[in-house]
Amino acid sequence: MVAIQVQNLIDFVAEVFGHADSSQAAGVDQVLIPGDPERKTRAELTRNGIPLPDDTWAAIVNTAREVGVSEVSIQRATA
């Protein structure tokens, strides 16, 4: 059996809401929660693509040719 100290729970919830309702610290542009930076990065990469160095992309294209990917498919991917 678990005994819950109701007053402790009430105090904890009040403390959490106190933090949530407080204003942001000086010099802080935005308040983030876990996962926010990753969601922002994913949205940016989805919008703009994943940047690759030219030599990396060339290696991918060469490997595609070596394993028999058609030139039409390669051209579509590089357009």
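Give me the net charge of VAL61's neighbourhood, meaning all other residues with Cβ under 14 Å from the Cβ of VAL61; Lys, Arg count +1, Asp, Glu -1.
Counting the neighbours of VAL61, the net charge comes to -2.
Please report the net charge: other residues with Cβ closer than 13 Å to the Cβ of GLU44, K and R +1, D and E -1.
+2
Report the Rg/Rh value for the stretch 33-79, based on alpha-carbon coordinates and the Kirkwood definition of Rh.
Rg divided by Rh gives 1.18.
Treat each spin label as a single point 7 Å out from the Cα along the C-beta direction, and report the ALA14 to ALA79 distance in nm.
6.5
Can you give the Rg and Dmax of the chain based on its C-alpha atoms, in angstrom?
When restricted to the Cα atoms of the chain, Rg and Dmax are 25.4, 70 Å.
So how much slack lies between ASP29 and ASN48, counting 0.36 nm per residue of separation and subtracting their Cα-Cα distance, in nm?
4.5 nm
Values quoted throughout were computed directly from the atomic coordinates according to the rules given, and no laboratory measurement underlies them. All figures in this text were calculated on a predicted structure; none of them were measured in a lab. Note that each Cβ is placed from the backbone with ideal geometry, even for glycine, and that neighbours are counted across all protein chains shown.
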